[in-house]
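Before any comments, here is the structure.
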Amino acid sequence: MLCPSNRLTFPYIYLNLKHLYHKDKAILSAAAWLKRFSFNLLEFFLPRLCLFCGGIVAEEAAAAVCPDCEAKIAWAESPLCPRCGLVFASREGEDHLCGPCQTEAPPFRRALAAAVYDGPAAEAVTKFKYSRRQDYLPVMHTWLQQPHCLELAAAADLIVPVPLHKKRLKFRGFNQALLLAQAFKDRKPVPRETLVRVRHTVPQTGLSPQERRDNVRRAFAVPRPEEVKDKNVLLVDDVYTTGATVKECARALLKAGARQVDVLTVARVRYD
Ligand SMILES: [Zn+2]
Ligand SMILES: [Zn+2]
């Protein structure tokens with residue numbers, strides 16, 4: 001269950017009665033009731049706090065981010081590469097193809113991100129994935145509501161999260177890309193297991209670009225190609241680093257008959 005708001009981060013941790021779920025159904029209902037009651041009570045009395053600095057956030061703010069922390073977010077804005085979404089370090093000039101895309105066009109039509117992987121955006125992605133801080137999810141959903149992100153969602157017939165291998169899913173307990181993709185579930189279908197990871201790979205972190213490519217080669221498959229045939233697919237993940245993972249996913253989707261693949265991530269590593 002997701003924590004309903006960042007106000008309750010610490011009470012949420014202490015009141016997490018999940019371990020009772022497996023023992024006794026009677027305890028489960030009592031525990032669930034107590035948890036809900038505590039949330040409601042605390043939500044009423046506690047101010048809404050910024051997830052990043054702990055400062056108080058206005059009740060009407062769209063996300064649990066104070067103005068100071070929001071100002072630290074580098075949005076993935078032009079000038080950027082219109083193909084892979086690389087955000088150029090220089091903030092002057094027009095959009096233009098980056099060197100790698102000029103050398104070898106990626107298999108997807110275009111990739112975009114909500115923010116540059118830095119500051120609060122990097123913190124949100126990291127804490128969500130590795131510290132299981134699911135109270136960061138609503139904030140990232142808000143970031144994914146920017147016009148350029150909605151434009152990609154509008155162009156898609158279905159939204160496909162980058163899958164985890166079942167072993168990693170069992171270890172982590174959730175697929176961060178699936179939860180992020182659900183930002184669009186009211187607009188487009190987000191089916192499960194349209195794309196699957198058929199090979200267990202080591203984490204991409206710390207690998208060179210070539211090692212990343214080798215690591216994910218032929219790691220993905222589309223079990224039911226009819227689901228993607230002639231469809232425009234939007235692939236969603238948390239971070240775009242070298243793009244090795246989403247490129248391999250795009251190849252699998254195109255091989256299965258998808259008409260085109262776009263990519264959307266919460267954050268984009270700035271490489272240049
Ligand atoms: Zn703040
Ligand atoms: Zn590029």
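No lab work stands behind these numbers, since they all come straight from the coordinates. Everything quoted here is computed from the prediction, not taken from an experiment. Methodologically, a virtual Cβ is constructed for each residue, glycine included, from the backbone with ideal geometry; neighbour enumeration extends over all protein chains shown.
By count of other Cβ within 10 Å, fewest leading, how are 200, 148 ordered?
Neighbour counts put them in this order, fewest first: 200, 148.
Among bridges DSSP assigns within the chain, what percent are antiparallel (round to 5)?
Antiparallel bridges: around 20 percent, rounded to the nearest 5.
Quick check: Cα centre of the range 119-188 to Cα centre of the range 70-92, how many Å?
Taking the Cα centre of each part, the range 119-188 and the range 70-92 sit 20 Å apart.
How much length, in nm to one decimal, is gained on full extension between residue 134 and residue 68, taken as 0.36 nm per residue of separation minus their Cα-Cα distance?
Stretched fully, the residue 134-residue 68 segment lengthens by 21.5 nm.
For the chain, what does the helix formula give at 222 nm: sum of -39500 (n - 2.57) over DSSP H segments with n ≥ 4, over the residue count, nearest 500 deg cm²/dmol?
Taking each H run of at least 4 residues, the total per residue is -10000 deg cm²/dmol.
Of 56, 73, 159, which is the most mobile in a GNM of the chain whose springs link Cα atoms less than 10 angstrom apart?
56
How charged is the neighbourhood of residue 80? Take every other residue with its Cβ under 9 Å from the Cβ of residue 80, and add Lys/Arg as +1 and Asp/Glu as -1.
-1
Which of 242, 189, 53 sits closest to the plus end of the dipole of the chain, meaning its Cα is farthest towards the positive end, when Lys and Arg get +1 and Asp and Glu get -1 on the C-beta?
Toward the positive end, the furthest listed residue is 189.
Quick one: which residues, 5+ away or cross-chain, put their amide H under 5 Å from the amide H of residue 75? H built at 1.01 Å from N.
Hits under the 5 Å cutoff: 116.
Can you give me the relative contact order of the range 69-268 as a percent, contacts being Cα pairs under 8 Å and 6 or more apart?
25
Under a GNM of the chain (C-alpha, springs under 10 Å), which listed residue has the highest mean-square fluctuation: 202, 216, 190?
202
Classify the chain: rounded, prolate or oblate, from the alpha-carbon gyration tensor (a ≥ b ≥ c, eigenvalue square roots; a/c under 1.5 rounded; otherwise prolate if a/b is larger than b/c)?
Cα axes put the chain in the oblate bin.
Name the shape class, rounded, prolate or oblate, that the alpha-carbon gyration tensor gives for the range 126-186, where a ≥ b ≥ c are the square roots of its eigenvalues, rounded holds for a/c under 1.5, and otherwise prolate holds if a/b is larger than b/c and oblate otherwise.
oblate
Can you work out the Karplus-derived ³J(HN,Hα) for every residue in the range 162-175? Use 6.51 cos²θ - 1.76 cosθ + 1.60 with θ = phi - 60°, whole Hz, and x for glycine or proline.
3J(HN,Hα) across the range 162-175, in whole Hz: 5, x, 9, 5, 4, 5, 5, 4, 5, 5, 7, x, 7, 9.
Starting from the amide H of residue 98, placed 1.01 Å from N in the peptide plane, find each other amide H under 5 Å away whose residue is 5 or more places distant or on another chain.
So residue 98 has HN proximity to 83, 84.
Hey, fewest Cβ within 10 Å first, where do 129, 170 land in order?
170, 129
Most mobile of 122, 113, 58 per a Gaussian network model of the chain (Cα springs, under 10 Å)?
Of the options given, 58 has the highest mean-square fluctuation.
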